[in-house]
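Report on the structure given below.
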Amino acid sequence: MRIETIAVHSGRSIDPTTGAVSAPLHLSTTFERHSDGSFPRGFEYSRDDNPNRRSLETCLAALEGGVAAVAFSSGMAAISASIEALQIEHKGRLVLPRDMYFGIRPMLAETAFGRSIDTVVVDMADLAAVEAVCRAAKPGIIWIETPSNPLVSVVDIAAVAAIGRAHGAAIAVDNTWATPVLQQPLQLGADLIVHSLTKYIGGHSDVMAGAAIVREHGTHHDELRAIQRHRGVLASPFDSWLALRGIATLPARMAVHNANALAVASFLETHPAVAKVHYPGLPSHAGHEVATRQMRGYGGMVSFEVRGGEREAMLVAATLGIFTRATSLGGNHSLVEHRASVEGPETTAPPSLLRLSIGLENAADLIDDLSRALRSI
Ligand SMILES: Cc1ncc(COP(=O)(O)O)c(C=O)c1O
């Protein structure tokens, strides 16, 4: 089946009791035991397994072409659990990209688990630098995020995975920004994928959840499942239900996000008040060729630098009307954020940069809004 069909059908069945086409929400925390003590219907206690979470996990594994998915309470829960699980068999340094979701840094600095990890940061667009880092000290996990947050830079997954694999590292990819509709990292050599389901997969800014998807069964998958169940960091039934509902429209929504973002990025690139646009769909973008090869569409995230500095960027953000000043991304509603002030001193975002999450509104209205706001500087 093709991805649009998987997105609508995988993990679902007609409810045998009522014939409901949309799956019921199973809020029950506990399930009936048979008189012989067994659980013939497959569920015992909702922390261990739940029908809505199982449906979501089945669908996510099918979308990414993995053997299993494990759904967590947030993207960060999935990221921490994945690093912990992969480390068991892949001891060595955690190799991180220079530009990545900034929440990983406080997790590494402010939790005992994070502080126990030996990390090294590298520009993953520079394959020679990745090779050098791997030669310098044994890599345990290569962590890839592409397109990256907030600079929308592109990493050649197959090339970095080949280098990492040659040095015995596990390859993990945060596929949140691309989604399985645009990019399939397991086919490009990744061992594990993480998602913040909070973003495009939920798609409406009303779900907080995450997931890890594995290419093969093994110790790392067993550990992910153990962390999910025994620490209780799991996607709730309602979040699972909403995320699965979001998946049904994900391919259709991504087509609109792609088209709108390309239109907005093309407009910004020609605007005299704009110094630089970061969008891999533009031929001027450093990662355009790699993105064209490894993605089907360039996604809905656009960052741009205004001429001037923080003051001008803030003025544009303050003047926008359709774009809402808010964090997060991947919803139907367009958002704008000044990442440098959100991320603090370690940010990779210049002070003049605004990050746009391009929503599902009409592209011409988004462009009119930006055009009006850019006149304010
Ligand atoms: C690429 C990426 N990964 C992970 C996360 C974290 O997800 P969550 O907020 O669901 O924990 C984010 C959040 O913005 C993100 O952009």
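Some observations on this one:
- Residue match in region 341-349 (condition: of a type in the set (Gly, Ala, Ser), open to solvent by less than 50 Å² (accessible area, probe 1.4 Å) and modelled with pLDDT under 95): yes
- Looking across region 315-325, the residues that are open to solvent by 40 Å² or more (accessible area, probe 1.4 Å) and within 26 Å of the chain's Cα centre (by Cα) come down to Ile322, Thr324, Arg325.
Every residue, every condition in (1) away from the ligand (no atom under 16 Å from the Cβ); (2) basic (Lys, Arg); (3) touching a residue at least 24 places away in the same chain (Cβ under 8 Å), yes or no:
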site: Arg307; (1), (2), (3): yes, yes, yes
site: Glu312; (1), (2), (3): yes, no, yes
site: Arg325; (1), (2), (3): no, yes, no
site: Asn332; (1), (2), (3): yes, no, yes
site: His338; (1), (2), (3): no, no, yes
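- Of all residues in region 145-183, those satisfying the criterion of being assigned to a loop (DSSP other than H, G, I, E, B) and within 12 Å of the chain's Cα centre (by Cα) are Thr146, Pro147, Ser148, Asn149, Asn175, Thr176, Trp177, Ala178, Gln183.
- For Asp156: the one exception among (1) touching a residue at least 40 places away in the same chain (Cβ under 8 Å); (2) surrounded by 23 or more Cβ atoms within 10 Å (Cβ to Cβ): (2)
This table checks each residue for (1) touching a strand residue (DSSP E or B) at 6+ places or on another chain (Cβ under 9 Å); (2) farther than 27 Å from Leu250 by Cα; (3) open to solvent by 20 Å² or more (accessible area, probe 1.4 Å); (4) outside the structural domain of Gly203 (by TED's automatic domain parsing).
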{"position": "Val290", "(1), (2), (3), (4)": "no, no, yes, yes"}
{"position": "Gly300", "(1), (2), (3), (4)": "yes, no, no, yes"}
{"position": "Phe304", "(1), (2), (3), (4)": "yes, no, no, yes"}
{"position": "Gly308", "(1), (2), (3), (4)": "yes, yes, yes, yes"}
{"position": "Arg311", "(1), (2), (3), (4)": "no, yes, yes, yes"}
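- Among (1) over 26 Å from Glu216 (Cβ atoms); (2) surrounded by 22 or more Cβ atoms within 10 Å (Cβ to Cβ); (3) among the β-branched types (Val, Ile, Thr) - the single one Thr111 does not satisfy: (2)
- Of all the listed residues (Glu89, Glu64), the sole one being touching a residue at least 40 places away in the same chain (Cβ under 8 Å) and surrounded by fewer than 16 Cβ atoms within 10 Å (Cβ to Cβ) is Glu89.
- Residue identified as within 14 Å of the ligand (Cβ to nearest atom) and either open to solvent by 10 Å² or more (accessible area, probe 1.4 Å) or within 21 Å of Asn149 (Cβ to Cβ) (or both) among Leu234, Leu244: Leu234
- Output for region 23-37, where each listed residue is within 26 Å of Val233 (Cα to Cα) and without any contact (Cβ under 8 Å) to a residue 60 or more places away in the chain: Pro24, Ser28, Thr29, Thr30, Phe31, Glu32, Arg33
- Some residue of region 261-274 being within 16 Å of the ligand (Cβ to nearest atom) and either surrounded by 20 or more Cβ atoms within 10 Å (Cβ to Cβ) or within 15 Å of the chain's Cα centre (by Cα) (or both): yes
- Residue in region 191-210 that is open to solvent by less than 20 Å² (accessible area, probe 1.4 Å), more than 15 Å from the ligand (Cβ to nearest atom) and of a type outside the set (Gly, Ala, Ser) present: no
- Listing of helices (runs of 4 or more DSSP H) fully contained in region 291-377 that carry 3 or more residues being within 17 Å of Lys276 (Cα to Cα): 310-319, 363-374
- Listed by first and then second residue, the pairs linking a residue in region 1-17 that is open to solvent by 100 Å² or more (accessible area, probe 1.4 Å) to a residue that is β-branched (Val, Ile, Thr), with Cβ atoms under 6 Å apart and 6 or more places separating them unless they lie on different chains, form an empty list.
The values are calculated or read from the model by the stated rules, or taken from the named source; none is laboratory data. The model shown is predicted, which means the values in this text are computed figures rather than measured ones. Cβ: placed from backbone, ideal geometry, glycine included. Neighbour counts: every protein chain shown. Keep in mind that these areas ignore ligands, DNA and RNA; they rest on the heavy atoms of the full protein, side chains included. Shrake-Rupley method; radii C 1.70, N 1.55, O 1.52, S 1.80 Å.
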